[in-house]
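Only one structure is covered here, and it is reproduced in the block below.
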Amino acid sequence: MAGVILASGCKQYDNPPPVFEELKDMTALPRKVLVISIDGLTGTELEKVAPTNIATLQKNGKYSYNTLKGASDAGGWVSMLTGTGFAKHQISSDNFERTQESDNQHGEIKSYRNVLDYVTQYKSVKTAMVTPWETLRNYVRNADYTPQVETDLSVKDSTVALLGSVQSLGTIFVNFRDVLEAGKNGGYLASNTAYKNAIVKSDEYIGNILTAVRARTNYEKEDWLIIVTTNHGGSKEDPVNGFTLVYHPDFKEFELKKTGFNGILFNPSTVHAEVHDDHGLYDAGATKDFTVQMDVKFNVATQYPGFLSKSTAMSGGTFTGWLWMQSVGTAGVGNWGIVFGGTQNGGSGKNQISNANGTMPISDGKWHTLTMTVKTTGGATPTARTMTAFIDGVQTVTGNLLNNRSLTVEEGLRVGYRNVDNGGTGLSTYSANLAYFDKALDASTIANTHGLKDITQHPDYANLIGFWPMDDGTEGICFNKAPGGYNMQLAGPYSWKNLADFYPPGTYPEPVTSSLSIPTTNSDIAALILYWMNIEILSDFGFDGKPYLTNFELEFLKE
């Protein structure tokens, strides 16, 4: 089947001269997976230490020293085991119980099965979890083997024993914790002798375990995938990015990383990114000054889809909050409309302000920077409240909002489709570098900072209360990079798209080093296990993780 898929998906070329060689029949060998997690091991520090056994595996590995950090000790492990990101599983505390986060109170409460459950459902193999962390051991109590161990040395010895005695073993997780402990005093740095020594010792144990794998009675008749990773780098209180190494003797060395711009395609479906509960931080109110700016790329010109909002949906003249929408305009070139309303707060209905038709069209498939400032004069009893709009740093239109009264709504700050009189079914847009300032920026600042690649260099950085590059490339969170504020959570059937070197104005254009953009994350581990075990990943599994080995099948699938 794999051969048929590959043949149908490749370009056709002239047949090369025949080459006769003995081909390895991959389908005849039972596949098995060994996952080793060195908790608390930071990717950048591992690269500096370069311990012997991991360095050797890397020569035949797909690897990353910048794997997206887990939410916590437990959060990283749950992502590895369930294939879902924290935005879905919402588990971060050490008791492995879901805690409904304040910024996701409207999210669906759902439990996710762990990967060992799928393995034993579809394959006649045994599974194991070898960890000194009792709570993790209890969380994975469905594993066939969960030996009682208390030290990393015991973890190594028990793993070696299992590999030597259980020939039916199909998937095994191994967990080392000494590196996490060693960094508590002196830091999670290669320059910390205790931390470095713990890394080297864990690597030694990995060598012992690999020897045990190769010493198995049926090793020549088995096909092992070895994954070395971490639940997160650094401390559980302040986790940083970790690492991933996926090894197979037939693999060619390849660094897994995000390359080019990776964004979400927003369309009229339920796909959106939203801050569910900002504790009033992004509340526009009746007198607040603020600025909102975002890079957008409209693929089509269409009428009335809302694409950025802190508002209700719009139905005729009933509307509260503020909303950006796309409009066609008289020449069909695509314009930007901004709508305000305070119906729920005793104000007038909608107040629509648009840039002049055809003056600066934005639905041309190119990136544009849209900026909106709102400034109130007169203090607590305002005499004027003025909105000013800019396209690519150039002022286009102003309007008075005073009659709208308060713009306060319960709805969150949202990127993605918002209904405007049932229009906009053709919405197709990418968004990036959404910035929210708690002041009305002046026109000269907006003009002078258009296309700024480093937001920390913005003259009003101290007033930045939200900044979402929306270039994360994986899982279900758009991370907030401002000094304060909240992450945005993705919902709906979203997927990350690689736009290569088609960068937004505010994104630093890192060189595109490969046609493959593969940012790695904890949730990939479950997906890789099921892929290697030839278990189909169904949509109802809810996986965020990617079985990215599909991109390299020509290396290890032989006809």
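Can you give the calculated 222 nm mean residue ellipticity of the chain, where each DSSP H run of n ≥ 4 adds -39,500 (n - 2.57) and the sum is split over every residue, rounded to the nearest 500 deg cm²/dmol?
Rounded to the nearest 500, it is -5500 deg cm²/dmol.
At R0 = 35 Å, how high is the FRET efficiency between V394 and L281 if r is their beta carbon distance? Nearest 0.05 is fine.
0.75
Shape verdict for the chain, please, from the Cα gyration tensor: rounded (a/c under 1.5), prolate (a/b greater than b/c) or oblate.
Prolate shape, in that a/c is at least 1.5 and a/b is the bigger ratio.
Between D238 and T135, take the C-beta separation as r, use R0 = 22 Å, and let me know the FRET efficiency to the nearest 0.05.
Once the sixth-power term is evaluated, E becomes 0.60.
Which whole-number value in Å² is the accessible area per residue of segment 500-559, probe 1.4 Å?
So segment 500-559 comes to 44 Å² accessible per residue, rounded to a whole number.
Given the C-alpha centroids of segment 205-247 and segment 459-480, what is the distance between them in whole angstrom?
For segment 205-247 versus segment 459-480, the Cα centre distance is 33 Å.
Is the shape of segment 35-152 rounded, prolate or oblate, going by the alpha carbon gyration tensor and its root eigenvalues a ≥ b ≥ c, with a/c under 1.5 for rounded and a/b larger than b/c for prolate?
Oblate, because a/c is 1.5 or more while a/b does not exceed b/c.
What is the distance, in nm, between label points placed 7 Å from the Cα along the Cα-to-Cβ direction at S111 and at D442?
Between S111 and D442, the simple spin-label model gives 5.9 nm.
Could you do me a favour and compute the accessible area per residue for segment 193-280, 1.4 Å probe, result in Å²?
38
Only Cα pairs under 8 Å and at least 6 apart count here; give the relative contact order of the chain as a rounded whole percent.
20
Once the Cα atoms of helix 193-214 and of the chain are each reduced to a long axis, what angle between those two axes, in degrees from 0 to 90 to the nearest 10, is obtained?
Tilt of helix 193-214: around 60 degrees.
What is the distance, in nm, between label points placed 7 Å from the Cα along the Cα-to-Cβ direction at E255 and at S315?
5.4
Compute, for L538, the solvent-accessible surface of its heavy atoms (probe 1.4 Å) with the complete set of protein chains present, and express it in square angstrom to the nearest 10.
Roll a 1.4 Å probe over it and L538 shows about 60 Å².
If r is the Cβ-Cβ distance from E555 to Y122 and R0 is 35 Å, what FRET efficiency results, to the nearest 0.05?
Calculated transfer efficiency: 0.90.
Please report how far the C-alpha centroid of segment 517-554 lies from that of segment 400-419, rounded to the nearest whole angstrom.
Centre-to-centre distance over Cα atoms comes out at 39 Å.
May I ask you to order 45-53, 520-528, 431-439 by the average number of other C-beta atoms within 10 Å around their residues, highest value first?
520-528, 431-439, 45-53
Describe numerically, in nm with one decimal, the distance between label points set 7 Å from Cα along Cα→Cβ at A161 and at A50.
3.7
Roll a 1.4 Å probe over the protein heavy atoms and report the accessible area of K88 in Å², nearest 10.
60
If the chain between L452 and L29 were fully stretched, how many nm would it gain, using 0.36 nm times the residue separation less the Cα-Cα distance?
146.9 nm
Segment 148-199: which trypsin sites (Lys or Arg not before Pro) are DSSP loop and have at most 16 other beta-carbon atoms within 10 angstrom?
Sites meeting the loop and neighbour criteria: K184.
Counting only heavy atoms of the protein chains, get the accessible area per residue of segment 294-414 (1.4 Å probe) and round it to a whole Å² value.
36
Any chance you could give the angle, 0 to 90 degrees and rounded to 10, that helix 152-165 forms with the longest Cα principal axis of the chain?
On a 0 to 90 degree scale, this one is about 60.
Once you sort the root eigenvalues of the Cα gyration tensor of segment 256-368 as a ≥ b ≥ c, which label holds: rounded (a/c under 1.5), prolate (a/b larger than b/c) or oblate (the other case)?
oblate
Test of the criteria: in segment 196-238, which GluC sites (Glu not before Pro) are in a DSSP loop and have at most 15 other Cβ atoms within 10 angstrom of their Cβ?
E237
Could you pull out the pairs from K62/K453; K236/K288; K110/K297; K110/K310; K88/K201 whose alpha carbons sit more than 32 Å apart here?
Among K62/K453; K236/K288; K110/K297; K110/K310; K88/K201, the Cα-Cα distance tops 32 Å for K236/K288; K110/K297; K88/K201.
I'd like the carbon and sulfur percentage of the solvent accessible area for the chain, probe radius 1.4 Å, heavy atoms only, ligands and nucleic acids excluded.
It is 49 percent, rounded to a whole number.
Length gain on complete extension for the stretch K497 to D364, per 0.36 nm per residue less the alpha carbon to alpha carbon distance?
Stretched out fully, the K497 to D364 stretch lengthens by 46.0 nm.
The values are calculated or read from the model by the stated rules, or taken from the named source; none is laboratory data. All figures in this text were calculated on a predicted structure; none of them were measured in a lab. Positions of Cβ are generated from backbone atoms using ideal geometry, with glycine treated the same way; all protein chains shown enter the neighbour counts. Surface accessibility is based on the protein's heavy atoms, side chains included, excluding ligands, DNA and RNA. Shrake-Rupley method; radii C 1.70, N 1.55, O 1.52, S 1.80 Å.
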